[in-house]
1. For the subset of the stretch A:65-85 comprising residues that are buried (at least 24 other Cβ atoms within 10 Å of the Cβ) and of a type in the set (A, V, I, L, M), which member is farthest from the other protein chains (Cβ to nearest Cβ)?
2. Which residue out of B:ASP89, B:ASP126, B:ASP99 is surrounded by fewer than 24 Cβ atoms within 10 Å (Cβ to Cβ) and at negative phi?
3. List the helices (runs of 4 or more DSSP H) that sit entirely inside the stretch B:170-288 and contain at least 3 residues that are surrounded by 20 or more Cβ atoms within 10 Å (Cβ to Cβ).
4. Tell me, yes or no, whether the stretch A:116-127 has at least one residue that is at the interface with another protein chain (Cβ under 10 Å from one of its Cβ atoms), more than 27 Å from A:VAL231 (Cα to Cα) and acidic (Asp, Glu).
5. So, in the stretch B:100-140, how many residues would count as being acidic (Asp, Glu), in contact with a His (Cβ under 8 Å, 6 or more places away or on another chain) and within 28 Å of B:LEU156 (Cα to Cα)?
6. Would you mention how many residues in the stretch A:125-164 are closer than 12 Å to A:LEU91 by Cα, surrounded by 20 or more Cβ atoms within 10 Å (Cβ to Cβ) and not hydrophobic (A, V, I, L, M, F, W, C)?
7. Please specify each residue of the stretch A:165-204 satisfying the condition of being of a type in the set (A, V, I, L, M, F, W, C), surrounded by fewer than 18 Cβ atoms within 10 Å (Cβ to Cβ) and within 14 Å of chain B (Cβ to nearest Cβ).
Amino acid sequence: MKKEMLLGSEAIAEAVKMAKPKVIPAYPITPQTHIIEVLSEMVDKGELKAKFIRVESELSAAAAALGASSAGVRTFTATASHGLALMHEILHWIVGARLPIVLLNGNRAIGSPWNIWTDQTDSMTQRDLGWLQLYCETAQEAFDSILQAFYVAEKLLLPFMVMIDGFILSHTLEQVVLPSQEDVDTFLPEYKPEYFLNVDNPMTFGAAAKGDLFYSLRKDIQKSFERSFDVIEECHRKFNLIFKRNYNLIENILTEDAEIVFVVAGALTGTVRVAVEQLREKGIKAGILKIRYFRPFPKKEIVESLKNANKIIVLNKSLSFGTSGTITQELKDSFYYSEKKPDIYDYIISLGGKDVFVEDIINLAENIDNLDKYKILWR
Amino acid sequence: MDFREVTKVEYLNQGDFACPGCGAGLSMRHALKILGEKTVIVMPACCWSIIAGGLPTTALQVPLIHVPFAVSAAVASGIKNAYLAEGKDDINVVVWAGDGGTFDIGLQALSGAAERREDILYVCYDNEAYMNTGIQKSSATPPGAWTTTTPLGNPLEYEKKDIFNIVVSHNPAYVATACIAYPDDFYKKFEKAKNIKGFKFIHLLSSCPPGWKVDSQDSLKVMRLAVESGVFLLMEKEGELETKLTYIPDKFIPVKEYFKIQGRYRHLDDEFIKKIQERIDKRLKKYL
């Protein structure tokens, strides 16, 4: 174990190296390019024994990952924004083929107009695919989540998308505790799938399926998502045992007695932590519900942790035009069968990297009586 | 290579879904006889997506993966690299794609894989239109040909895309054209492609009785007429060597003979056919 100062992107690359994927197909796009630059250097230096495929598009990056994973090896790729959107068709196919690929997405807005800065539209619009989704707050969490993603994905045979906010996390130096390779190998043994493209046991994959069969295959995917809660819990337990860091589906920060709870996903959580501290000093009982897993969406855990809150402000960095902020939708859905229904404020806090300062969050809590819970709220 | 030397083992099961007389079905059967059991087939959307059968059945005795339309060469790259990462260097990873998946929607992935010198074999069975969706024009459709999206015939100002030379411009290890109506030449080229390391591309002319509007029993005949008239040239380019024709008829027959037995060219007048003949003659001069 050692501590190092690393960029978020470097932390990701270190985690990927220690997870020992055999194939990494990748295409550069801001703000994830650092990750694949570091990985290609690791491969060239022989520190990471993997094949790095310099593909000609993100569509092909996803497709080459599909191929490698179908051949039975651990596979990683990284992208962002337009890249993720271009992958969309293949991302569907990967789910149906039950391939446990891990993909790192550096959250970034999608044009037009061009914008390289962070929001969560790119990954939130991929939420119905059947990929697990996890949003990271810190470089350490990003490092740990990559290892956890391979663990969970390979147990469930479902692909896993890990999100870091572009620049705010990808390009920021933070202290990261790096575990020993031995510990990582204990947590994450070599991936050995039962079925893969094998000339000694020839099979056909992905041939046309009629309604009955197709329907049952889709139902299996949902069943795996329902089972995923147990697998994720098992993953967190083992992770804590080996690495001594505890994780959950969500994180509760002072929610127990909070009257106002901010719901947030990603690096913005850090800013909200500072705001909540200052609000508490002013006598306002504020708390934070940090969404870590967005797929599966932990409805039960969320409702339980918000049981004392009367007012909830959702800090969305993506929006489903014509309805509401993406996280707000999911949150409201979670409360449908709950006895208590708190006021939920649907706030679009930032898109395309619009800056969010501590004062912005404090102002929100202080002016909560003036907020309209029936409308989408804009700054 | 003589057909008597070719294995009697069948890697294509009985009961596939090919139309009677399908050139693509026949081509797969014979290609697999050469490629053998250490072969993995990567298949984008194409007629063969149907021919291979639906879950839980399959027409092939070798591993087969169906993949989205645009990306077969990229998927094949991923598979090959996974095998190489595991130290398995002896598996033929073969893309089996139609002309739509090669000339049109899959061209970028094909170009990428060729440029990266991926050690894969890309086979395009070219039936000169989107036949699986019911005969729509692709960029492999020749001028004059009727399709449902060129109901008056594909205009004369269009040219079938020169896929052979597009691939050649990437300097791959091996590029060839072939046609199962000339089995010895076909076998020889698959044998070569199997044994050469690097990116290999084989462009197959593949007759389509319903799409070309020919009788099923004339399926091989129409392919022979394509070659005998110089419409489709049997050729290859190996590494740094010059492109060479691998079969030259004693005397090329007029293109009219090739057009005559196909309903898709029935509407053409003599003036149109004359212009096509001039193009063929001009192209032949380049290679003879």
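1. This residue is A:ALA80.
2. Selected residue: B:ASP89, the only one of B:ASP89, B:ASP126, B:ASP99 that is surrounded by fewer than 24 Cβ atoms within 10 Å (Cβ to Cβ) and at negative phi.
3. Hits in the stretch B:170-288: B:183-195, B:209-212, B:219-228, B:255-260.
4. Within the stretch A:116-127 (the criterion being at the interface with another protein chain (Cβ under 10 Å from one of its Cβ atoms), more than 27 Å from A:VAL231 (Cα to Cα) and acidic (Asp, Glu)), the answer is no, since none of the residues qualifies.
5. The qualifying residues number 1.
6. Qualifying residue count for the region: 3.
7. A:VAL199, A:MET203
Quick grid of which residues meet (1) in contact (Cβ under 8 Å) with a residue 60 or more places away in the chain; (2) touching a Ser or Thr at 6+ places or on another chain (Cβ under 9 Å):
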{"residue": "B:SER219", "(1), (2)": "yes, yes"}
{"residue": "B:LEU225", "(1), (2)": "no, no"}
{"residue": "B:LEU233", "(1), (2)": "no, yes"}
{"residue": "B:GLU242", "(1), (2)": "no, no"}
{"residue": "B:ILE248", "(1), (2)": "no, no"}
{"residue": "B:GLU257", "(1), (2)": "no, yes"}
{"residue": "B:ILE261", "(1), (2)": "no, no"}
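The values are calculated or read from the model by the stated rules, or taken from the named source; none is laboratory data. Remember, it's a predicted structure, so these values are computed and weren't measured experimentally. In this analysis, Cβ positions are derived from the backbone assuming ideal geometry, glycine residues included, and neighbour counts consider all displayed protein chains.
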